[in-house]
Amino acid sequence: MVQQMVRDFAQNEVAPIIKEYDRQQEMASFILPRMGELGILGICLPVRYGGQGMDYIALGLASEELEAVDTSLRVVMSVHVGLNSLGLFQWATEEQKQRFLAPQARGEKIACFGLTEPGAGSDAANLASMARLDGDEYVINGEKMWISLATKADHVLWVAKTNPAASDPHQALTAFIVELDRPGVSRGDIHGKLGVRAGSTGWISCQDVRVPAFNRIGEEGEGFKIAMACLDNGRYTVAAGATGLIRACMEASVRYAQDRRAFGREIGKFQLIQQKIASMVQYYDAARLLYLRAGWLKNLGKRNTRETSLAKWFATDASFSAASEALQIHGAYGYSDEYDVERYLRNSKGAVIYEGTSEIHQLMQAGYALGYREDASLRCELPAYDAEYWQEPL
Ligand SMILES: Cc1cc2nc3c(=O)[nH]c(=O)nc-3n(C[C@H](O)[C@H](O)[C@H](O)COP(=O)(O)OP(=O)(O)OC[C@H]3O[C@@H](n4cnc5c(N)ncnc54)[C@H](O)[C@@H]3O)c2cc1C
(Lines give C-alpha, C1' and ligand atoms only; values in the text may rest on other atoms or scores of the structure.)
Protein backbone atom coordinates (compact mmCIF):
# COMPACT_ATOMS: atom_id res chain seq x y z
CA MET A 1 0.00 0.00 0.00
CA VAL A 2 2.84 2.38 0.85
CA GLN A 3 4.56 1.59 -2.42
CA GLN A 4 1.34 2.18 -4.36
CA MET A 5 0.62 5.47 -2.57
CA VAL A 6 4.13 6.80 -3.28
CA ARG A 7 3.96 5.54 -6.87
CA ASP A 8 0.62 7.29 -7.42
CA PHE A 9 2.02 10.56 -6.07
CA ALA A 10 5.20 10.37 -8.15
CA GLN A 11 3.58 9.15 -11.38
CA ASN A 12 0.40 11.23 -11.30
CA GLU A 13 1.54 14.46 -9.68
CA VAL A 14 5.22 14.78 -10.54
CA ALA A 15 5.90 12.87 -13.77
CA PRO A 16 3.72 15.21 -15.90
CA ILE A 17 5.61 18.37 -14.83
CA ILE A 18 9.11 17.13 -14.11
CA LYS A 19 10.66 17.97 -17.49
CA GLU A 20 9.60 21.59 -17.22
CA TYR A 21 11.16 22.01 -13.76
CA ASP A 22 14.28 20.13 -14.84
CA ARG A 23 14.65 22.57 -17.75
CA GLN A 24 14.11 25.58 -15.48
CA GLN A 25 16.52 24.10 -12.90
CA GLU A 26 14.02 24.63 -10.12
CA MET A 27 12.26 22.50 -7.56
CA ALA A 28 8.47 22.67 -7.87
CA SER A 29 7.12 24.45 -4.79
CA PHE A 30 4.38 21.89 -4.10
CA ILE A 31 6.74 18.91 -3.73
CA LEU A 32 7.86 19.28 -0.10
CA PRO A 33 4.46 20.28 1.37
CA ARG A 34 2.77 17.49 -0.57
CA MET A 35 5.29 14.88 0.58
CA GLY A 36 4.70 16.10 4.13
CA GLU A 37 0.94 15.89 3.72
CA LEU A 38 1.20 12.31 2.43
CA GLY A 39 3.34 11.33 5.43
CA ILE A 40 6.30 10.39 3.23
CA LEU A 41 8.65 12.70 5.16
CA GLY A 42 8.19 10.71 8.36
CA ILE A 43 7.47 7.35 6.79
CA CYS A 44 9.64 5.11 8.98
CA LEU A 45 9.51 7.04 12.25
CA PRO A 46 7.37 6.17 15.24
CA VAL A 47 4.02 7.88 15.58
CA ARG A 48 5.20 9.39 18.90
CA TYR A 49 7.78 11.39 16.92
CA GLY A 50 5.34 12.56 14.27
CA GLY A 51 5.99 9.64 11.88
CA GLN A 52 3.84 7.06 10.15
CA GLY A 53 5.07 4.07 12.14
CA MET A 54 6.26 2.05 9.13
CA ASP A 55 9.50 0.09 8.99
CA TYR A 56 12.81 0.75 7.25
CA ILE A 57 11.80 -1.38 4.25
CA ALA A 58 8.96 1.10 3.64
CA LEU A 59 11.60 3.84 3.44
CA GLY A 60 13.45 1.82 0.78
CA LEU A 61 10.31 1.09 -1.23
CA ALA A 62 9.29 4.76 -1.15
CA SER A 63 12.78 5.81 -2.29
CA GLU A 64 12.61 3.32 -5.17
CA GLU A 65 9.26 4.64 -6.35
CA LEU A 66 10.31 8.28 -6.08
CA GLU A 67 13.52 7.89 -8.07
CA ALA A 68 11.70 5.89 -10.74
CA VAL A 69 10.17 9.28 -11.59
CA ASP A 70 12.93 11.72 -10.70
CA THR A 71 16.09 11.61 -8.61
CA SER A 72 15.28 14.98 -7.03
CA LEU A 73 12.34 13.37 -5.18
CA ARG A 74 14.49 10.63 -3.72
CA VAL A 75 17.15 13.13 -2.68
CA VAL A 76 14.52 14.55 -0.30
CA MET A 77 14.26 11.12 1.36
CA SER A 78 18.03 10.82 1.54
CA VAL A 79 18.68 14.12 3.27
CA HIS A 80 15.49 14.89 5.17
CA VAL A 81 14.76 11.34 6.35
CA GLY A 82 17.96 9.30 5.99
CA LEU A 83 20.76 11.69 6.83
CA ASN A 84 19.01 14.00 9.25
CA SER A 85 15.83 12.60 10.86
CA LEU A 86 17.14 9.06 11.34
CA GLY A 87 20.34 10.56 12.73
CA LEU A 88 18.27 12.40 15.33
CA PHE A 89 16.23 9.29 15.99
CA GLN A 90 19.46 7.41 16.70
CA TRP A 91 21.46 10.03 18.64
CA ALA A 92 19.26 12.83 19.97
CA THR A 93 17.86 13.09 23.51
CA GLU A 94 14.12 12.74 24.11
CA GLU A 95 13.76 16.55 24.41
CA GLN A 96 15.70 17.07 21.17
CA LYS A 97 13.51 14.50 19.41
CA GLN A 98 10.39 16.35 20.46
CA ARG A 99 11.86 19.74 19.48
CA PHE A 100 13.55 18.88 16.18
CA LEU A 101 12.55 15.42 14.98
CA ALA A 102 8.77 15.51 15.46
CA PRO A 103 8.20 18.63 13.30
CA GLN A 104 10.53 17.16 10.67
CA ALA A 105 8.64 13.86 10.58
CA ARG A 106 5.36 15.75 10.24
CA GLY A 107 6.85 17.75 7.36
CA GLU A 108 6.44 21.07 9.19
CA LYS A 109 10.21 21.60 9.15
CA ILE A 110 12.53 20.50 6.36
CA ALA A 111 15.95 19.14 7.21
CA CYS A 112 19.28 18.87 5.45
CA PHE A 113 22.76 17.51 6.18
CA GLY A 114 25.91 19.63 6.25
CA LEU A 115 29.10 17.61 6.15
CA THR A 116 30.85 18.51 2.88
CA GLU A 117 32.86 21.73 2.70
CA PRO A 118 34.68 23.50 -0.13
CA GLY A 119 37.95 21.86 1.00
CA ALA A 120 36.73 18.49 2.35
CA GLY A 121 34.47 15.87 0.78
CA SER A 122 35.60 12.24 1.01
CA ASP A 123 38.11 13.28 3.67
CA ALA A 124 35.34 14.56 5.94
CA ALA A 125 37.38 14.37 9.14
CA ASN A 126 39.50 17.22 7.82
CA LEU A 127 36.71 19.74 7.52
CA ALA A 128 37.46 23.30 8.60
CA SER A 129 34.26 24.58 10.15
CA MET A 130 34.58 25.43 13.85
CA ALA A 131 32.25 25.50 16.87
CA ARG A 132 33.42 27.16 20.10
CA LEU A 133 31.60 26.91 23.42
CA ASP A 134 30.84 30.35 24.87
CA GLY A 135 28.84 30.13 28.11
CA ASP A 136 25.80 28.01 27.34
CA GLU A 137 26.00 28.63 23.59
CA TYR A 138 28.20 27.42 20.74
CA VAL A 139 29.49 29.91 18.18
CA ILE A 140 29.70 28.33 14.73
CA ASN A 141 31.81 29.52 11.80
CA GLY A 142 32.31 27.80 8.46
CA GLU A 143 31.05 26.95 5.01
CA LYS A 144 29.20 23.92 3.73
CA MET A 145 29.15 23.15 0.01
CA TRP A 146 27.05 20.84 -2.17
CA ILE A 147 24.26 20.65 0.39
CA SER A 148 21.00 19.18 -0.92
CA LEU A 149 17.96 21.29 0.07
CA ALA A 150 20.28 24.05 1.37
CA THR A 151 17.82 26.79 0.45
CA LYS A 152 14.66 24.83 1.25
CA ALA A 153 15.52 23.50 4.70
CA ASP A 154 14.72 24.87 8.17
CA HIS A 155 17.30 22.73 10.01
CA VAL A 156 20.76 21.58 9.06
CA LEU A 157 22.71 18.88 10.85
CA TRP A 158 26.04 20.71 10.91
CA VAL A 159 29.32 18.96 11.65
CA ALA A 160 32.09 21.20 13.00
CA LYS A 161 35.42 20.95 14.78
CA THR A 162 35.23 21.54 18.51
CA ASN A 163 38.66 20.26 19.40
CA PRO A 164 41.18 21.25 16.72
CA ALA A 165 44.04 20.08 18.96
CA ALA A 166 42.79 16.45 19.01
CA SER A 167 45.54 14.08 17.89
CA ASP A 168 43.00 12.03 15.93
CA PRO A 169 40.91 14.30 13.63
CA HIS A 170 38.03 11.80 13.88
CA GLN A 171 37.69 12.76 17.57
CA ALA A 172 37.70 16.49 16.86
CA LEU A 173 34.21 16.83 15.43
CA THR A 174 30.81 17.53 16.97
CA ALA A 175 27.30 17.57 15.44
CA PHE A 176 24.71 20.32 15.89
CA ILE A 177 21.27 21.18 14.69
CA VAL A 178 21.41 24.72 13.35
CA GLU A 179 18.09 26.43 12.63
CA LEU A 180 18.66 28.22 9.36
CA ASP A 181 16.86 31.41 10.34
CA ARG A 182 19.52 32.25 12.95
CA PRO A 183 21.48 35.51 12.50
CA GLY A 184 24.74 34.93 10.64
CA VAL A 185 23.43 32.17 8.34
CA SER A 186 23.53 32.81 4.60
CA ARG A 187 22.89 30.34 1.81
CA GLY A 188 22.32 29.99 -1.90
CA ASP A 189 21.70 27.53 -4.74
CA ILE A 190 24.24 26.04 -7.12
CA HIS A 191 23.15 26.28 -10.76
CA GLY A 192 24.59 24.64 -13.85
CA LYS A 193 24.56 21.12 -12.35
CA LEU A 194 24.71 18.10 -14.65
CA GLY A 195 21.72 16.46 -12.97
CA VAL A 196 19.12 16.69 -10.19
CA ARG A 197 18.19 19.97 -11.82
CA ALA A 198 14.65 19.81 -10.50
CA GLY A 199 16.13 19.53 -7.02
CA SER A 200 17.90 21.98 -4.81
CA THR A 201 21.65 21.81 -4.15
CA GLY A 202 23.45 24.71 -2.56
CA TRP A 203 25.85 26.17 -0.02
CA ILE A 204 25.41 27.36 3.56
CA SER A 205 27.68 29.74 5.44
CA CYS A 206 27.70 30.35 9.19
CA GLN A 207 29.37 33.55 10.42
CA ASP A 208 29.40 33.73 14.24
CA VAL A 209 26.12 31.83 14.41
CA ARG A 210 25.12 31.23 18.05
CA VAL A 211 23.17 28.08 18.94
CA PRO A 212 22.21 26.95 22.45
CA ALA A 213 24.21 24.02 23.85
CA PHE A 214 20.87 22.19 23.69
CA ASN A 215 21.36 21.98 19.89
CA ARG A 216 24.46 19.79 20.23
CA ILE A 217 23.62 16.23 19.12
CA GLY A 218 25.52 13.58 21.04
CA GLU A 219 28.68 14.34 22.96
CA GLU A 220 31.55 16.60 21.96
CA GLY A 221 33.91 14.54 19.79
CA GLU A 222 31.14 12.21 18.56
CA GLY A 223 30.46 14.19 15.37
CA PHE A 224 32.35 11.90 12.99
CA LYS A 225 30.64 8.77 14.33
CA ILE A 226 27.26 10.49 14.09
CA ALA A 227 27.93 11.62 10.52
CA MET A 228 28.96 8.10 9.48
CA ALA A 229 25.88 6.60 11.17
CA CYS A 230 23.71 9.13 9.30
CA LEU A 231 25.39 8.00 6.07
CA ASP A 232 24.40 4.38 6.77
CA ASN A 233 20.80 5.55 6.48
CA GLY A 234 21.26 8.06 3.66
CA ARG A 235 23.15 5.51 1.56
CA TYR A 236 20.34 3.04 2.02
CA THR A 237 17.88 5.46 0.39
CA VAL A 238 20.41 6.19 -2.39
CA ALA A 239 20.71 2.45 -3.09
CA ALA A 240 16.94 1.99 -3.14
CA GLY A 241 16.47 5.07 -5.31
CA ALA A 242 19.12 3.98 -7.82
CA THR A 243 17.25 0.67 -8.03
CA GLY A 244 14.14 2.64 -9.04
CA LEU A 245 16.16 4.47 -11.67
CA ILE A 246 17.36 1.15 -13.12
CA ARG A 247 13.72 0.07 -13.30
CA ALA A 248 12.76 3.27 -15.10
CA CYS A 249 15.61 2.73 -17.61
CA MET A 250 14.52 -0.87 -18.15
CA GLU A 251 10.86 0.01 -18.68
CA ALA A 252 11.66 2.87 -21.06
CA SER A 253 14.06 0.62 -23.01
CA VAL A 254 11.56 -2.22 -23.33
CA ARG A 255 8.86 0.18 -24.56
CA TYR A 256 11.16 1.77 -27.11
CA ALA A 257 12.68 -1.54 -28.28
CA GLN A 258 9.21 -2.94 -28.96
CA ASP A 259 8.19 0.17 -30.88
CA ARG A 260 11.21 1.33 -32.89
CA ARG A 261 11.87 -0.53 -36.12
CA ALA A 262 15.10 -0.91 -38.10
CA PHE A 263 16.08 -3.30 -40.88
CA GLY A 264 12.49 -4.51 -41.15
CA ARG A 265 11.91 -5.53 -37.55
CA GLU A 266 11.49 -4.05 -34.07
CA ILE A 267 14.89 -3.34 -32.56
CA GLY A 268 14.07 -5.55 -29.54
CA LYS A 269 14.64 -8.52 -31.86
CA PHE A 270 18.33 -7.68 -32.21
CA GLN A 271 20.54 -9.60 -29.84
CA LEU A 272 22.76 -6.61 -29.06
CA ILE A 273 19.70 -4.69 -27.85
CA GLN A 274 18.56 -7.73 -25.88
CA GLN A 275 21.95 -7.90 -24.20
CA LYS A 276 21.51 -4.34 -22.87
CA ILE A 277 18.02 -5.10 -21.61
CA ALA A 278 19.21 -8.34 -20.02
CA SER A 279 21.88 -6.36 -18.13
CA MET A 280 19.21 -4.02 -16.79
CA VAL A 281 17.14 -6.98 -15.58
CA GLN A 282 20.22 -8.33 -13.82
CA TYR A 283 21.10 -4.94 -12.30
CA TYR A 284 17.56 -4.38 -11.09
CA ASP A 285 17.13 -7.69 -9.30
CA ALA A 286 20.59 -7.62 -7.74
CA ALA A 287 20.27 -3.98 -6.63
CA ARG A 288 16.82 -4.62 -5.19
CA LEU A 289 17.95 -7.65 -3.21
CA LEU A 290 20.97 -5.77 -1.88
CA TYR A 291 18.94 -2.82 -0.58
CA LEU A 292 16.22 -5.07 0.83
CA ARG A 293 18.88 -7.00 2.73
CA ALA A 294 20.18 -3.75 4.21
CA GLY A 295 16.63 -2.69 5.14
CA TRP A 296 15.96 -6.05 6.74
CA LEU A 297 19.13 -5.73 8.84
CA LYS A 298 17.97 -2.27 9.93
CA ASN A 299 14.61 -3.71 10.93
CA LEU A 300 16.44 -6.28 13.06
CA GLY A 301 18.61 -3.58 14.63
CA LYS A 302 21.79 -5.15 13.20
CA ARG A 303 24.74 -3.10 12.08
CA ASN A 304 24.64 -2.82 8.27
CA THR A 305 27.44 -0.44 7.28
CA ARG A 306 29.05 -3.08 5.02
CA GLU A 307 25.81 -4.24 3.43
CA THR A 308 24.51 -0.71 2.91
CA SER A 309 27.79 0.42 1.35
CA LEU A 310 27.72 -2.57 -1.01
CA ALA A 311 24.10 -1.88 -1.98
CA LYS A 312 24.87 1.81 -2.60
CA TRP A 313 28.02 1.15 -4.61
CA PHE A 314 26.43 -1.54 -6.77
CA ALA A 315 23.10 0.20 -7.39
CA THR A 316 24.56 3.59 -8.28
CA ASP A 317 27.20 2.20 -10.68
CA ALA A 318 24.53 -0.05 -12.18
CA SER A 319 22.03 2.80 -12.59
CA PHE A 320 24.65 4.88 -14.42
CA SER A 321 25.34 1.94 -16.77
CA ALA A 322 21.62 1.24 -17.22
CA ALA A 323 20.93 4.88 -18.06
CA SER A 324 23.77 4.98 -20.56
CA GLU A 325 22.51 1.80 -22.25
CA ALA A 326 18.91 3.04 -22.21
CA LEU A 327 20.02 6.19 -24.02
CA GLN A 328 21.92 4.09 -26.57
CA ILE A 329 18.79 2.01 -27.23
CA HIS A 330 16.87 5.23 -27.92
CA GLY A 331 19.45 6.33 -30.50
CA ALA A 332 19.27 10.02 -31.43
CA TYR A 333 15.88 10.42 -29.74
CA GLY A 334 17.50 9.47 -26.45
CA TYR A 335 19.89 12.35 -26.93
CA SER A 336 17.10 14.91 -26.62
CA ASP A 337 14.79 15.63 -23.73
CA GLU A 338 11.82 14.47 -25.76
CA TYR A 339 12.44 11.19 -23.91
CA ASP A 340 13.28 10.76 -20.24
CA VAL A 341 16.45 8.72 -20.65
CA GLU A 342 18.81 11.69 -21.08
CA ARG A 343 17.56 12.98 -17.70
CA TYR A 344 18.08 9.54 -16.20
CA LEU A 345 21.68 9.54 -17.38
CA ARG A 346 22.38 13.03 -16.04
CA ASN A 347 20.66 12.24 -12.74
CA SER A 348 22.38 8.89 -12.24
CA LYS A 349 25.91 10.32 -12.11
CA GLY A 350 25.51 12.33 -8.90
CA ALA A 351 24.76 9.26 -6.83
CA VAL A 352 28.07 7.71 -7.89
CA ILE A 353 29.70 10.73 -6.20
CA TYR A 354 27.64 11.68 -3.14
CA GLU A 355 27.29 9.69 0.08
CA GLY A 356 30.67 8.11 -0.58
CA THR A 357 32.13 8.02 -4.09
CA SER A 358 32.33 4.61 -5.74
CA GLU A 359 36.07 4.67 -4.95
CA ILE A 360 35.35 5.13 -1.23
CA HIS A 361 32.90 2.20 -1.28
CA GLN A 362 35.48 0.03 -2.99
CA LEU A 363 37.99 0.90 -0.29
CA MET A 364 35.41 0.02 2.35
CA GLN A 365 34.55 -3.34 0.77
CA ALA A 366 38.19 -4.26 0.33
CA GLY A 367 38.84 -3.16 3.90
CA TYR A 368 36.19 -5.53 5.25
CA ALA A 369 37.36 -8.41 3.04
CA LEU A 370 41.01 -7.97 4.01
CA GLY A 371 40.25 -7.63 7.69
CA TYR A 372 41.53 -4.02 7.84
CA ARG A 373 38.15 -2.69 8.80
CA GLU A 374 35.51 -3.71 11.30
CA ASP A 375 32.58 -1.90 12.87
CA ALA A 376 32.84 -1.22 16.58
CA SER A 377 29.51 -0.95 18.38
CA LEU A 378 28.18 2.59 18.84
CA ARG A 379 27.00 4.37 21.99
CA CYS A 380 23.63 4.80 20.24
CA GLU A 381 22.49 2.28 17.64
CA LEU A 382 19.61 2.79 15.20
CA PRO A 383 16.65 1.19 17.02
CA ALA A 384 15.35 -2.12 15.64
CA TYR A 385 11.86 -1.87 14.18
CA ASP A 386 9.15 -2.76 16.66
CA ALA A 387 5.66 -2.36 15.18
CA GLU A 388 3.96 -2.00 18.55
CA TYR A 389 6.29 0.78 19.74
CA TRP A 390 6.38 2.49 16.33
CA GLN A 391 2.60 2.58 15.98
CA GLU A 392 1.67 3.38 19.56
CA PRO A 393 -0.43 6.55 19.39
CA LEU A 394 0.69 9.69 21.19
C1 LIG B 1 24.28 16.56 -6.25
C2 LIG B 1 25.08 16.48 -4.99
C3 LIG B 1 24.43 16.55 -3.76
C4 LIG B 1 25.18 16.50 -2.57
N5 LIG B 1 24.52 16.63 -1.37
C6 LIG B 1 25.25 16.68 -0.22
C7 LIG B 1 24.61 16.93 1.04
O8 LIG B 1 23.37 17.05 1.11
N9 LIG B 1 25.38 17.02 2.16
C10 LIG B 1 26.73 16.88 2.12
O11 LIG B 1 27.36 17.00 3.16
N12 LIG B 1 27.38 16.65 0.93
C13 LIG B 1 26.66 16.55 -0.22
N14 LIG B 1 27.30 16.33 -1.43
C15 LIG B 1 28.75 16.25 -1.47
C16 LIG B 1 29.28 14.84 -1.67
O17 LIG B 1 29.01 14.05 -0.55
C18 LIG B 1 30.78 14.94 -1.99
O19 LIG B 1 30.86 15.52 -3.27
C20 LIG B 1 31.47 13.59 -1.96
O21 LIG B 1 31.60 13.14 -0.64
C22 LIG B 1 32.86 13.61 -2.61
O23 LIG B 1 33.60 14.66 -2.12
P24 LIG B 1 34.33 15.69 -3.14
O25 LIG B 1 33.32 16.09 -4.16
O26 LIG B 1 34.95 16.75 -2.30
O27 LIG B 1 35.40 14.83 -3.86
P28 LIG B 1 36.88 14.49 -3.29
O29 LIG B 1 36.78 13.90 -1.96
O30 LIG B 1 37.74 15.68 -3.47
O31 LIG B 1 37.30 13.37 -4.33
C32 LIG B 1 37.73 13.65 -5.67
C33 LIG B 1 38.04 12.32 -6.34
O34 LIG B 1 39.11 11.67 -5.63
C35 LIG B 1 38.67 10.37 -5.23
N36 LIG B 1 39.25 10.05 -3.93
C37 LIG B 1 39.23 10.78 -2.76
N38 LIG B 1 39.83 10.10 -1.79
C39 LIG B 1 40.26 8.93 -2.32
C40 LIG B 1 40.94 7.80 -1.81
N41 LIG B 1 41.31 7.72 -0.52
N42 LIG B 1 41.20 6.77 -2.65
C43 LIG B 1 40.80 6.81 -3.95
N44 LIG B 1 40.17 7.85 -4.50
C45 LIG B 1 39.88 8.90 -3.69
C46 LIG B 1 37.18 10.46 -5.14
O47 LIG B 1 36.57 9.16 -5.23
C48 LIG B 1 36.87 11.34 -6.32
O49 LIG B 1 36.86 10.58 -7.50
C50 LIG B 1 26.58 16.35 -2.63
C51 LIG B 1 27.22 16.24 -3.88
C52 LIG B 1 26.49 16.30 -5.03
C53 LIG B 1 27.20 16.18 -6.36
Worksheet item: Somewhere in the stretch 56-73, is a residue surrounded by fewer than 24 Cβ atoms within 10 Å (Cβ to Cβ), more than 18 Å from the chain's Cα centre (by Cα) and either within 24 Å of Glu355 (Cβ to Cβ) or without any contact (Cβ under 8 Å) to a residue 40 or more places away in the chain (or both)?
Response: no
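Counting residues that are touching a helix residue (DSSP H, G or I) at 6+ places or on another chain (Cβ under 9 Å) and more than 10 Å from the ligand (Cβ to nearest atom), which strands (runs of 3 or more DSSP E) fully inside the stretch 93-197 reach at least 3?
155-161, 173-179
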Item to complete: Name the one entry in Tyr344, Tyr339 that is in a loop (DSSP other than H, G, I, E, B) and aromatic (Phe, Trp, Tyr).
Response: Tyr339
Worksheet item: Would you call Val47 touching a Pro at 6+ places or on another chain (Cβ under 9 Å), aliphatic (A, V, I, L, M) and within 22 Å of Lys298 (Cβ to Cβ)?
Response: yes
Discussion item. So, in the stretch 268-292, how many residues would count as being surrounded by 15 or more Cβ atoms within 10 Å (Cβ to Cβ) and within 23 Å of the chain's Cα centre (by Cα)?
Written reply: 9
Discussion item. Suppose the filter is surrounded by 24 or more Cβ atoms within 10 Å (Cβ to Cβ) and among the charged types (D, E, K, R); does Lys298 pass it?
Written reply: yes
Practice prompt. Search the stretch 172-191 for residues that are under 15 Å from Glu117 (Cα atoms) and pair each with any residue that is among the aromatic types (Phe, Trp, Tyr) and not in a strand (DSSP E or B) when their beta-carbon atoms are under 6 Å apart and the residues are at least 6 apart or on different chains.
Written response: Leu173/Phe224
Response to the item:
Within the stretch 190-217, of all residues that are within 23 Å of the chain's Cα centre (by Cα) and of a type in the set (Gly, Ala, Ser), the one farthest from Gln96 (Cα to Cα) is Gly192
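Every residue in the stretch 198-213 that is outside any strand (DSSP E or B) and either surrounded by 15 or more Cβ atoms within 10 Å (Cβ to Cβ) or out of contact with any strand residue (DSSP E or B) (no Cβ under 9 Å at 6 or more places or on another chain) (or both), please. Steps first, please.
Going residue by residue through the stretch 198-213, those that are outside any strand (DSSP E or B) are 198-200, 213.
Selection gives Ala198, Gly199, Ser200.
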Worksheet, complete the sentence: Condition set of a type in the set (Lys, Arg) and within 22 Å of Gly350 (Cβ to Cβ), scope the stretch 218-256, selection farthest from the chain's Cα centre (by Cα): answer is Arg247
Discussion item. Given the criteria within 29 Å of Ala252 (Cα to Cα) and either away from the ligand (no atom under 13 Å from the Cβ) or modelled with pLDDT of 95 or more (or both), does Arg346 qualify?
Written reply: yes
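The values are calculated or read from the model by the stated rules, or taken from the named source; none is laboratory data. Quick caveat, the model's predicted, so the values are computed rather than measured. FYI the Cβ positions are ideal-geometry reconstructions off the backbone, even for glycines, and counts take in every protein chain you see.
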